[in-house]
Structure formats: structure tokens, C-alpha cells
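We did not get these values from a lab; they are worked out from the coordinates using the rules stated. All values derive from a computational prediction rather than experimental measurement. Methodologically, a virtual Cβ is constructed for each residue, glycine included, from the backbone with ideal geometry; neighbour enumeration extends over all protein chains shown.
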Amino acid sequence: MRSGTGSGSESITGESGGIQPHNVRPAGIWNSGGSRYDEISRGIADSIAHCVLRLAPRPGERILDLATGTGWTSRLVARHGAQVVGVDLGADLIAFAAEQARAENLDIAYRVADAESLPFDDGAFDAVISTCGVMFASRPEAAAAELARVCRPGGRIALTTWTPDGAVFEMFRVMKAYMPPPPTPAPPSPFEWGRTERIMELLGRDFDLAFEKGVSFYREASPEAAWETFSTGYGPMKALAASLDENRRAELQRDVIAFHAQFTTPLGICVPRDYWVTHGLRR
């Protein structure tokens, strides 16, 4: 049993003591997008709405939004009348989420926390949601165990996760060409969460699971606008661009623009991005 809750309207924006040492660097990378990360969430808003629909929040339920980012999902859940707690590694992301919730008169509690070591009691939540968030945890088994631990028996989970053969994966392949070689052994790929067999391995012991395929459509005015959105708001892309010298950064920009240019329409770009919605009932 672990103690510590995050209910009510209080927003804890600056605490990082609960982040484990191996996650301090990832926290900095994701946090670097700051308020601009909300544009990344805007680009996947259709998939978020899909996941919230399948979660079916009810008034008065206590729901955890895991890896909330700038709080897009938590705000949507709160509009259903649920009592929402949003957690993320990034203090700046959490600060913006809290500010936005206040601006929209939504009573949501936010706090900096590590998905692999959550500061909540066993069974503290009626439901847990994570939209393309928990899949990026450094240690998937630990994150899956924590997700199950804080969900009460009979409670629900709903996740969206990108597939390992879709457009998001392909964009990461573009980025990978500019990254240093991974350590040995290589860390687990977040896109393993896009295989239903792997989700069953991680969560099937604790949840009765069902899956539904979806396609998110990312729209921008131009391929250049997509580069602007990702290089300023998406932590991994922003951090990667900042790590490169001027010539390599220009090459990365060229390749990211070329990738998005494949999806040009008469009105801009429209990138179809495949994902899974996972819905589970806690045993």
C-alpha cells in the first residue's frame, strides 16, 4: 500500500522529487516543449476524443490522466463531470495544464509525478486514461504495474498507443538518423505498446482487455508548418534539433518537411496516423 493522493483543486507544479533518477533526463526532454506541447495534443485531438468516448467517464468518478502533458485529455474528461487528477514528468507542462484548466473553469488537480512510481494509494482511482503517454515510459513493466495498482477492482483503463508500422513510427525513423547510437542493450521501443500482443503481456494479467483500431488525421497548413509545430512543441524533436550543429539541424528540418510533404492535399497536409485504443476492466 502506498500513501499520498492528489485530489481537489490544488495544483502541485514544481515538485520533481518523485521522479526516479533514470527518468530525470526524459523529464527534461518532454518538458522542453512547454506550453507549445498543447499544439501536439491539438494534432491528435481526434484520437483523444476516441479514447475518452471508450472510457465513458461518469460524474463523480475519480480518474487519473497518466502522462497528461499540457492537460488536453484531462480537460476533456473533466467536462464529463469526473474528478480528474493529471500527472506528468514535466513541471512546465503541468504548470500550463493547471493554468489552462483555471482559464476554462475546470477543477482538475495536477502534479509532477513518475508513471513508474505513482504517489497514490492502491485502488485510488475508478479509471485511468493515457493518450499516447504511458507508451513512452522508460520501464514499461513498471509503468504497467503502477497503472494496475492505482486502478480499483472493477475499474477501467483506456489507452491510445501508436502502431509500430504507422506514420508516427515513420517520423521517428526520420529522427533516428540524427540520433547517437543507442546504448547496449537498447532501451525498449515505445512502439511495442502498439502491438496488442505486447499490451496483453503488460496488462492482461490484471485487466480484461479489448482493442479497437483507429486513425488520427494530423492537419497543418503546410509541411513547413509541421516542422515549426514539432521543432518547438514536441520535446523529443526540439531536444534533438538543439543537439545538432547548424548543418545537421538544417538537414533534419529538410527531412522532416519532406516526410510531411508526402501527405500534401490541395488545402495543406493531412497525415493519417494509426493507433490502438485499449479498453480494460480491472480484475
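Volume per residue of the convex hull around the Cα atoms, evaluated for segment 20-80, comes out as 94 Å³. What is the percent of Cα-Cα separations in segment 57-145 that go past 22 Å? That fraction is 20 percent.
Where q = 0.21, 0.27 Å⁻¹, what log10 of I(q)/I(0) comes from the Debye formula for segment 161-208, counting one point per Cα? Debye curve over Cα of segment 161-208, log10 I(q)/I(0) at q = 0.21, 0.27 Å⁻¹: -0.81, -1.02. The Cα atoms of the chain cover 52, 43, 37 Å along the three principal axes, with the biggest extent listed first. Quick note on segment 125-269: its Rg to Rh ratio, both from C-alpha atoms and Rh being the Kirkwood radius, is 1.02.
Quarter the surface of the alpha carbon convex hull of segment 193-283 and you get the mean projected area, 7.7 square nanometres. Out of residues 5 or more away from Gly123 or on other chains, whose amide H comes under 5 Å of its own, with H placed 1.01 Å from N in the peptide plane? Here Val150, Cys151 satisfy the definition.
Between Leu147, Leu209, Leu159, the GNM of the chain built on Cα springs shorter than 10 angstrom shows Leu209 fluctuating the most. Helical runs (DSSP H, four residues minimum) scored at -39500 (n - 2.57) apiece and divided by the length of the chain put the mean residue ellipticity at 222 nm at -11500 deg cm²/dmol.
Roughly what angle does helix 223-233 make with the longest principal axis of the chain, taking Cα atoms, 0 to 90 degrees, to the nearest 10? That works out to roughly 50 degrees.
Taking Cα atoms, how many degrees apart are the long axis of helix 91-103 and the longest axis of the chain, rounded to 10 and kept between 0 and 90? Tilt relative to the chain: about 70 degrees. The peptide list 129-136, 228-235, put in order of mean Cβ contacts within 10 Å with the highest first, becomes 129-136, 228-235.
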